[in-house]
Amino acid sequence: MDISKVRELVKMVEDSGIEELEVIHKDTTIRIQKSPTYAQGAAVAPAPVILPAAAAPAPVAAAPAEAPVDASRAKFKDVRSPIVGTLYRAPSPESDNFVKVGDHVAVGQTLCIVEAMKVMNEIDAEFAGTIREILVENGSPVEAEGVLFLVEPD
């Protein structure tokens, strides 16, 4: 596929209301995805990803982490990663962590970021409560449906 065609596709995605475009032509797959804007005001420019169709990885069926079985943990709800990626507990290396053990969180509050394919995905609290355990270290890989936090709901 001609690079000028790829540039046209990137421009089309930038100028349109769509968030993601995937084009498959013969043995080439091009996926263009807009990046969200963050609180710091910086946005990463969308970059096309070009993969040969034969080299595209097959989906990996990740076994979900087991729910806590300890009786003292039974009252906790878990927060899981929706995607495979790398977990970051702060918006930048110089910043404080989004949350720490003992913090009270509100619905919609950012708990961490999971980076997947150079896209930063904020993981927000789906319920209010108190962080009781953080199960993943900063910069560690996470699996889809892997447990990140244990939260005592309000």
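The values are calculated or read from the model by the stated rules, or taken from the named source; none is laboratory data. Note that this is a predicted model, so its numbers are computed, not measured.
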Checklist entry - What strands (runs of 3 or more DSSP E) completely inside region 5-53 contain at least 1 residues that are closer than 30 Å to Ala90 by Cα and modelled with pLDDT under 75? => result 49-52
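For region 111-154, which positions are small (Gly, Ala, Ser), assigned to a strand (DSSP E or B) and farther than 12 Å from Val84 by Cα? Full working, then the answer.
Narrowing region 111-154 to residues small (Gly, Ala, Ser): 116, 125, 128-129, 139-140, 144, 146.
Restricting the remaining residues to those that are assigned to a strand (DSSP E or B) gives 116, 129.
Matches in region 111-154: Gly129 only.
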